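A.B. asks: Starting off with a structure, shown below.
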Amino acid sequence: QVQLAESGGGLVQAGGSLRLSCAASGRTFSSYAAGWFRQAPGKEREFVAAISRPSGSITYYVDSVKGRFTISRDNAKNTVYLQMNSLKPEDTAVYYCAAAEGFRVTRKEYEYAYWGQGTQVTVSS
């Protein structure tokens with residue numbers, strides 16, 4: 001198993017940037033596919049971005065964040081990042097990192113077995 005902990009959330013104005021970090025511990029992190037999900041008030045949790053194991057050569061993004069968000073990983077630091085630029089009020093949500101075993105990369109929420117506690121991102125207009 002692996003434990004995940006997000007950090008880097010906060011309050012920013014529209015057009016600003018944030019970099020979220022997800023620190024992993026417990027197992028060889030490079031063996032896990034990783035992803036970011038978010039849940040806005042009154043909405044269901046949705047897929048945001050995913051990155052493949054082991055090197056992160058494959059990435060996926062939900063259409064609404066393409067060109068603005070970048071997912072990356074540093075296996076030596078057991079960390080996954082989500083760089084968020086040109087933030088919009090509709091990006092406001094709790095952001096969760098997740099890890100999946102047995103897949104090279106996946107965009108499906110149900111295939112992620114391990115989840116962090118979430119970090120709040122608030123974008124003001």
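A.B. asks: Which of the residues spanning the stretch 6-42 are closer than 13 Å to Y95 by Cβ and not in a strand (DSSP E or B)?
C.D. replies: Once the filter is applied, which keeps residues that are closer than 13 Å to Y95 by Cβ and not in a strand (DSSP E or B), the stretch 6-42 yields G8, G9, A40.
A.B. asks: Here's another thing I want to ask about it. Could you please let me know if S30 is open to solvent by less than 10 Å² (accessible area, probe 1.4 Å) and either modelled with pLDDT under 95 or hydroxyl-bearing (S, T, Y) (or both)? Walk me through it before giving the result.
C.D. replies: Values: open to solvent by less than 10 Å² (accessible area, probe 1.4 Å): no; either modelled with pLDDT under 95 or hydroxyl-bearing (S, T, Y) (or both): yes.
For S30, the condition - open to solvent by less than 10 Å² (accessible area, probe 1.4 Å) and either modelled with pLDDT under 95 or hydroxyl-bearing (S, T, Y) (or both) - is not met.
A.B. asks: Right, another one. Just one of the numbered conditions (1) at pLDDT below 95; (2) farther than 28 Å from S124 by Cβ is not true of G56; which one?
C.D. replies: So G56 meets the others, but not (1).
A.B. asks: Something else now. Across the stretch 91-117, which residue is nearest to I51 (Cα to Cα) among those that are assigned to a loop (DSSP other than H, G, I, E, B) and open to solvent by less than 40 Å² (accessible area, probe 1.4 Å)? Before the answer, list the steps.
C.D. replies: Filtering the stretch 91-117 down to residues assigned to a loop (DSSP other than H, G, I, E, B) leaves 92, 101-108, 112-113, 116-117.
From what is left, the residues that are open to solvent by less than 40 Å² (accessible area, probe 1.4 Å) are 92, 105-106, 112, 116.
Values: T92: 22, V105: 6, T106: 8, Y112: 12, G116: 16 Å.
Checked the stretch 91-117; the qualifying residue nearest to I51 (Cα to Cα) is V105.
A.B. asks: Exactly one condition in (1) buried (at least 18 other Cβ atoms within 10 Å of the Cβ); (2) farther than 17 Å from A23 by Cβ is not met by K88; state its number.
C.D. replies: Single failed check for K88: (1).
The values are calculated or read from the model by the stated rules, or taken from the named source; none is laboratory data. What you see is a predicted model, and the numbers here were worked out from it, not measured in a lab. A quick note on method: Cβ atoms are made from the backbone with ideal geometry, for glycine too, and the neighbour counts reach across all protein chains shown. Just so you know, the surface numbers come from the protein's heavy atoms only, side chains and all, with ligands and any DNA or RNA stripped out. Shrake-Rupley method; radii C 1.70, N 1.55, O 1.52, S 1.80 Å.
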